[in-house]
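K.L.:
This is the structure I want to talk about, given as structure tokens.
The values are calculated or read from the model by the stated rules, or taken from the named source; none is laboratory data. Here the structure is a predicted model, which means the values were calculated and not measured. When we count neighbours, we look across all protein chains shown, and the Cβ atoms used for this are built from the backbone with ideal geometry, even at glycine.
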Amino acid sequence: MKKLAVLGASGHGRVIADSALEAGWVQVVFYDDRWPSLQAAGEWPVVGDWSRLLEQLSIADGVIVGIGDCGVRAERHASLVASGAKLTHIVHPRAWVSSRAVVGAGSVVMAGGIVNIGAVLGAACIVNTGATVDHDCSLGDAVHVAPGAHLSGQVTVGQCTWIGVGACIRQGIRIGSGVVVGAGAVVVSDVADGLTVAGSPARKLERRGMARTNA
């Protein structure tokens, strides 16, 4: 674990960089489409844009997408897979991930996050600060479990779904793809694809497409 390339110099990207260094990576560089006007993300250099990253994949020991928007993160991750990038996942040393869980390439588990036995995280997922994914949950690609959200056991979540800050999901619930679960929502029944739900108990607010929620 030497040099990590992070696509996306946002706050979320900086949290990934910080977590990576805590986890033993030695160097972090950023790529962002605001380059060259953007030269730094905090203490870390921004050395190129998306096109330049694709040209320089061989110089990094690992690559990860640090973009909070679920749809964009999924698209960029898929493009990196197709380009043969050395995709990695990041687990903060103060997170807990069971050795009997699976964390997909490009996924991140932040400080205080918990992923319990039998849980499976797809590619490019985010288990954010203090969030928990309990036993035997299944998360599709590019799911974002926001800070302090809690998934009970055997919850299934479809791709590109965003689970809001402090939300709670009852055991055995199935949540579709492209769903937005509002902050603090309590989900006690299944949620179909593309819905936004909020409240306690969570209720449908509106119909929408694939979740594109910024960090």
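K.L.:
Answer yes or no: is there a residue in region 130-137 that is touching a Lys or Arg at 6+ places or on another chain (Cβ under 8 Å), in a loop (DSSP other than H, G, I, E, B), acidic (Asp, Glu) and within 25 Å of residue 177 (Cα to Cα).
P.N.:
No, there is no match, as no residue in region 130-137 is touching a Lys or Arg at 6+ places or on another chain (Cβ under 8 Å), in a loop (DSSP other than H, G, I, E, B), acidic (Asp, Glu) and within 25 Å of residue 177 (Cα to Cα).
For every residue, the table says whether it meets (1) assigned to a helix (DSSP H, G or I); (2) touching a residue at least 60 places away in the same chain (Cβ under 8 Å).
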{"position": "79", "(1), (2)": "yes, no"}
{"position": "93", "(1), (2)": "no, yes"}
{"position": "99", "(1), (2)": "no, no"}
{"position": "105", "(1), (2)": "no, no"}
{"position": "118", "(1), (2)": "no, no"}
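K.L.:
Has region 10-25 got at least one residue that is outside the structural domain of residue 108 (by TED's automatic domain parsing), hydroxyl-bearing (Ser, Thr, Tyr), buried (at least 16 other Cβ atoms within 10 Å of the Cβ) and over 18 Å from residue 105 (Cβ atoms)?
P.N.:
yes
K.L.:
Follow-up question, since we're still on this one. Here is a list of conditions, (1) surrounded by 16 or more Cβ atoms within 10 Å (Cβ to Cβ); (2) hydrophobic (A, V, I, L, M, F, W, C); (3) part of a loop (DSSP other than H, G, I, E, B); (4) over 14 Å from the mean Cα position of the chain (by Cα), and residue 67 meets all of them except one; can you say which number that is?
P.N.:
Here residue 67 meets the rest and fails (4).
K.L.:
While we're here: Within region 158-172, can one find any residue that is in contact with a helix residue (DSSP H, G or I) (Cβ under 6 Å, 6 or more places away or on another chain), assigned to a loop (DSSP other than H, G, I, E, B) and within 28 Å of residue 20 (Cβ to Cβ)?
P.N.:
Yes, region 158-172 contains a residue that is in contact with a helix residue (DSSP H, G or I) (Cβ under 6 Å, 6 or more places away or on another chain), assigned to a loop (DSSP other than H, G, I, E, B) and within 28 Å of residue 20 (Cβ to Cβ).
K.L.:
Would you say residue 57 is surrounded by fewer than 17 Cβ atoms within 10 Å (Cβ to Cβ) and in the same structural domain as residue 27 (by TED's automatic domain parsing)?
P.N.:
Numbers: surrounded by fewer than 17 Cβ atoms within 10 Å (Cβ to Cβ): yes; in the same structural domain as residue 27 (by TED's automatic domain parsing): yes.
The answer is yes for residue 57.
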